[in-house]
Amino acid sequence: MQNISLLKKDLFSMLKKKGAKLMGVADLTGIVKGSMQTGISVAVPIPKHIVRDLQTAPTKEYYDAYYSLNTQLDEIVTSDAEFLTDQGYHAQANTTNVVKANEDWRTPLPHKTVATRAGLGWIGKSCLLVTREYGSAVRLSSLLTGTLWTPKTERETLFHKEDCKKMQIQRMKQATGIETDLCGLCFAVCPYTKKYLKEGQR
């Protein structure tokens, strides 16, 4: 696993290459549960000419840009979650397919909450994120990540025995007819195991 400062440098470099203009790392301790309590926030600006036109009325160009920028952000956070996973971290991209707003327009973890904690800006009028660089004319996304085990890590932070046991029994019985808590999926899909498998291919 890479040194943390080097990992951050590589991650931010990748974010920039994929089009992110603002990015930051957020401590989400006390805001989210589980092992993934570090957030990475990314933002891309809405083009100036589109914003200027919105001062008069909504436009079809803004409608198209809204979804286009969301797609770009989905691609950014997905690729970076994969990068972190390959480095041995747990990571989850908060894409538009993952984050769903309820009828009150609320989500469990708003992108702007991650953004404020990451230092990208602050909450202003209409509950919008305000950035120094682009005002509120940005689209946001985020991903969650967490570190691996240390001697002080509680097992329950990374592993839930009953959920694991239930899934193992289900998978083993479906595949073999044997009812036991043994399936091997966790190590079979490990990024380092996959490297081992590739090295063994002839």
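The values are calculated or read from the model by the stated rules, or taken from the named source; none is laboratory data. Remember, predicted model here, so these are calculated numbers, not experimental data. FYI the Cβ positions are ideal-geometry reconstructions off the backbone, even for glycines, and counts take in every protein chain you see. Only protein heavy atoms, including side chains, enter the accessible area calculation; ligands, DNA and RNA are left aside. Shrake-Rupley method; radii C 1.70, N 1.55, O 1.52, S 1.80 Å.
See the values below:
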{"item": "Any hit, the range 122-137, residues being open to solvent by less than 70 Å² (accessible area, probe 1.4 Å), of a type in the set (Gly, Ala, Ser), within 21 Å of residue 5 (Cβ to Cβ) and in contact (Cβ under 8 Å) with a residue 40 or more places away in the chain", "result": "no"}
{"item": "Positions within the range 79-101 being open to solvent by less than 70 Å² (accessible area, probe 1.4 Å), of a type in the set (S, T, N, Q) and part of a loop (DSSP other than H, G, I, E, B), in sequence order", "result": "87, 94, 95, 96"}
{"item": "Enumeration of residues in the range 49-68 that are open to solvent by less than 80 Å² (accessible area, probe 1.4 Å) and in a helix (DSSP H, G or I)", "result": "50, 51, 53, 54, 62, 64, 65, 66, 68"}
{"item": "Qualifying residues in the range 1-48 (those that are hydroxyl-bearing (Ser, Thr, Tyr), modelled with pLDDT of 90 or more and not in a helix (DSSP H, G or I)) - the one surrounded by the most Cβ atoms within 10 Å (Cβ to Cβ)", "result": "41"}
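Rundown of residues vs (1) within 28 Å of residue 23 (Cα to Cα); (2) outside any helix (DSSP H, G or I); (3) open to solvent by less than 80 Å² (accessible area, probe 1.4 Å); (4) modelled with pLDDT of 80 or more, yes/no style:
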| position | (1), (2), (3), (4) |
| --- | --- |
| 143 | yes, yes, yes, yes |
| 175 | no, no, no, yes |
| 179 | no, yes, no, yes |
| 182 | no, yes, no, yes |
| 201 | no, yes, no, no |
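A quick yes/no check of all residues on (1) part of a loop (DSSP other than H, G, I, E, B); (2) modelled with pLDDT of 90 or more:
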position: 104; (1), (2): yes, yes
position: 108; (1), (2): yes, yes
position: 114; (1), (2): no, yes
position: 148; (1), (2): yes, no
position: 151; (1), (2): yes, no
position: 156; (1), (2): no, no
